[in-house]
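One structure is given below, encoded as structure tokens.
Each value in this text was obtained by applying a stated rule to the coordinates, not by laboratory testing. Just so it is clear, the model here is predicted, and its values are computed rather than measured. Every residue, glycine among them, receives a Cβ derived from its backbone with ideal geometry; neighbour counts consider all protein chains shown.
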Amino acid sequence: MRTLEVAGEKCIGCRACSSICAPLHISLTDVGNRRTIAFPASCEEDCDLCLRACPTGAIAFGAGPGKPLTLEFELIPCSKCGKPFATREEMAFVLPKVSKVLGGEPDWKGLCPECRREESASGLRVAI
């Protein structure tokens, strides 16, 4: 049996592992402005998708007895609609990388995915 080892200090609460875990061993729940991610002590699946999906290298596999781990994160609100949508850690990780590619901060900084789509669509309507 493989132990699922998670370095809690590296996890940014980004949803990558829980989104790709087909058997749903890693669970994620958003309630209000809190995100909880629960990791099992071990994983009997013969895959490493969660390990490969983790952008920070927080996940590893080992041998021996493991311990389940639950991590909690505060979600930041969208600057337009107020809906909680991402962790501070996630945004702190992503924004510098996106800014480097774009050559400056993105204009959607602080917007939830729905408001980003709305802003993009309104920009297209104006252009047409």
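Toward the positive end of the charge dipole of the chain, with +1 on the Cβ of Lys and Arg and -1 on the Cβ of Asp and Glu, the farthest Cα among 58, 121, 36 is that of 121. Between the helical axis of 88-102 and the longest alpha-carbon principal axis of the chain there is an angle of about 60 degrees. Mind sorting out which of [x] 14.2, 44; [y] 17.2, 61; [z] 13.0, 40 is the real Rg and Dmax of the Cα atoms in Å computed from the coordinates? Structure-derived value, by its label: [y].
Computed from backbone phi, the HN-Hα couplings of the range 61-70 come to 10, x, 10, x, x, x, 10, x, 9, 10 Hz, rounded to whole numbers (Karplus: 6.51 cos²θ - 1.76 cosθ + 1.60, θ = phi - 60°; Gly and Pro given as x). Listed values for the range 3-16 are Karplus-derived 3J(HN,Hα) couplings in whole Hz (6.51 cos²θ - 1.76 cosθ + 1.60, θ = phi - 60°), namely 8, 8, 10, 10, 8, x, 6, 8, 5, 10, x, 8, 5, 4, and x replaces Gly and Pro.
Taking amide H positions as modeled 1.01 Å from N, with prolines and chain starts lacking one, the residues under 5 Å from residue 85 and 5 or more places away or on another chain are 76, 78.
Amide H to amide H, with H built 1.01 Å from N, residue 27 comes under 5 Å of 38, counting only residues 5 or more places away or on other chains. In the structure shown, do any of 80/109; 83/109; 10/83 have a Cα-Cα gap over 21 Å, and if so which? Cα-Cα > 21 Å for 10/83; rest within. A simple spin-label model places the labels of residue 45 and residue 107 3.9 nm from each other, with each point 7 Å out along Cα-to-Cβ.
Each Lys or Arg adds one and each Asp or Glu subtracts one; over the other residues with Cβ under 12 Å from the Cβ of residue 87, this totals -1. The angle between the Cα long axis of helix 113-127 and the longest principal axis of the Cα atoms of the chain comes to about 30 degrees, rounded to the nearest 10. Descending by average beta-carbon neighbour count within 10 Å, the peptides 42-48, 15-21, 96-102 line up as 15-21, 42-48, 96-102, the highest first.
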